[in-house]
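The structure appears right after this line, and notes come after that.
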Amino acid sequence: MEKRLFSELGLSPETLKAVDKMGFEEASPIQTAVIPVALTGRDVVGQSSTGSGKTAAFALPAIEKVEARQRVVQVLILCPTRELAVQVAEETGKLALFKPLVREVPIYGGQSYERQFRALAAGTQIVIGTPGRVMDHMERGTLKLNALKMVILDETDRMLDMGFRDDIEHILKSVPAERQCLFFSATMPNAIQDLIKRCIHVAAAAARGTLTIG
């Protein structure tokens, strides 16, 4: 896959300023392939290993898609572990540095519920969480996904290996049909391909088209 400058990928000046502050100028191959397509609203399936720059590949389009003045959850990023959820949240925060109205919060088991309740009630737009804790907040009514625009699965193969398949399917069935889906995984076994086919099946997704990268 080719590499291009971030300035050629269709990002806003505020986001480019954040990318520059982080010391990045040239996008990695996965970033070059994913970002322009994700910005158009198409679904994306990306096969990419750790260290390839995939977090920025999905976080940048997610930040750009957020309507900053709408204080509702618009992006949901599912991660297999609390460590990854925190890491993704930290990088998302850095990339959204010059969009001060855009807020992100990680939610995961082992952290105080009260802290998460306050963060969600404050009007965060991007939630990064582990499947179990996301489902818990959904059942409590503290996480509402009716305004969701984009759902991202990071390290999908690890989530399935850890037994989260039923949780993931429950979450995806609970979000609006008119949502954009981005799947990232280091491997693409049959179980993941089956999950992708069943989750990207609505008419809106078919109309947008799905790009597979890897």
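The values are calculated or read from the model by the stated rules, or taken from the named source; none is laboratory data. All figures in this text were calculated on a predicted structure; none of them were measured in a lab. Cβ: placed from backbone, ideal geometry, glycine included. Neighbour counts: every protein chain shown. Heads up: the accessible areas ignore ligands, DNA and RNA and are worked out on the full protein's heavy atoms, side chains in. Shrake-Rupley method; radii C 1.70, N 1.55, O 1.52, S 1.80 Å.
Here are some notes:
- Helix-derived mean residue ellipticity, 222 nm - over the chain, DSSP H n ≥ 4, -39500 (n - 2.57), to 500: -13000 deg cm²/dmol
- Cβ charges +1 (Lys, Arg) and -1 (Asp, Glu), total dipole of the range 1-115, debye: 260 debye
- Dipole check for the chain: with +1 at the C-beta of Lys and Arg, -1 at the C-beta of Asp and Glu, and the Cα centre as origin, the magnitude is about 580 Debye.
- Probe 1.4 Å, all protein chains present, accessible-area order of SER52, SER7, largest first: SER7, SER52
- Loop-resident sites, the range 122-200, for GluC sites (Glu not before Pro), counting at most 13 other Cβ within 10 Å (DSSP): GLU178
- Taking every DSSP beta bridge that has both ends in the chain, the antiparallel portion is near 5%.
- Listed values [x] 15.9, 45; [y] 17.9, 70; [z] 18.8, 61, entry calculated as Rg and Dmax of the Cα atoms in Å: [x]
- In order through the range 158-169: 3J(HN,Hα) via Karplus (6.51 cos²θ - 1.76 cosθ + 1.60), integer Hz, x for Gly, Pro: 5, 5, 5, 4, 8, x, 8, 4, 4, 4, 4, 5
- Across the range 1-148, the relative contact order, built from alpha-carbon pairs under 8 Å that are at least six residues apart, equals 24 percent.
- Database remark: amide H of PHE183 closer than 5 angstrom to the amide H of VAL44, VAL45, GLY46, LEU153 (H placed geometrically; neighbours at sequence offset of 5 or more, or on other chains; Pro and chain starts carry no H).
- Under the convention that each Lys and Arg Cβ holds +1 and each Asp and Glu Cβ holds -1, the size of the dipole of the range 1-50 around its Cα centre is about 60 debye.
- Violating pairs (Cα-Cα greater than 31 angstrom) within the set LYS17/LYS173; LYS3/LYS173; LYS3/LYS144; LYS21/LYS149; LYS54/LYS144: LYS17/LYS173; LYS3/LYS173; LYS3/LYS144
- Reachable aspartates and glutamates, given that their alpha-carbon falls under 17 Å from the alpha-carbon of LYS65 and they are not under 8 places away in the same chain: GLU14, ASP43, GLU91, GLU104, GLU178
- Alpha-carbon centroid distance for the pair the range 9-55 / the range 74-144, whole angstrom: 21 Å
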